[in-house]
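Chemist: Take this structure first; my questions come after.
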Amino acid sequence: MDQIKKSPEMAQQHQVTITNRNLLAVDGVANMDSYDQEKIILQTAAGVLEVKGSKLHVQQLHLEQGKVILDGEIDSLIYCADSGRRHGKSFFSRLVK
């Protein structure tokens with residue numbers, strides 16, 4: 001039987017689940033680039049994901065597992081070009097200066 005070799009893209013699946021527009025679970029997250037109560041930018045296996053809303057809060061952040069859970073009033077999810085990254089530094093590397 002032939003074995004299917006997984007490409008790096010297939011190895012890290014990306015999934016987004018929204019519940020009642022106030023709970024967001026994202027799998028396939030590599031990094032969190034920025035975070036405030038109105039916008040969160042995530043590097044995912046499918047590209048940069050920008051979450052906009054109000055009173056956004058990170059409930060769980062497990063980058064080693066590629067999982068993030070957010071709550072708050074979610075207004076939009078936008079996949080965009082790599083414009084969310086600032087000078088190649090992640091949110092956490094800027095935080096721990």
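The values are calculated or read from the model by the stated rules, or taken from the named source; none is laboratory data. Note that the structure is predicted; figures quoted are calculated from it, not measured. Cβ placement follows ideal geometry from the backbone for every residue including glycine, while neighbour counts extend to all protein chains displayed.
Chemist: Looking at this structure, is VAL68 at pLDDT 95 or above and touching a Ser or Thr at 6+ places or on another chain (Cβ under 7 Å)?
Modeler: So VAL68 fails the test.
Chemist: What strands (runs of 3 or more DSSP E) completely inside the range 11-81 contain at least 3 residues that are touching a residue at least 12 places away in the same chain (Cβ under 8 Å), surrounded by 15 or more Cβ atoms within 10 Å (Cβ to Cβ) and under 10 Å from the mean Cα position of the chain (by Cα)? Don't jump to the end; show me each part of the working.
Modeler: Numbers: elements: 15-19, 23-27, 29-35, 39-44, 47-62, 67-80.
The qualifying strands (runs of 3 or more DSSP E) are 23-27, 29-35, 39-44, 47-62, 67-80.
Chemist: Tell me which residues, restricted to the range 55-66, are charged (D, E, K, R) and closer than 14 Å to ILE40 by Cβ.
Modeler: LYS55
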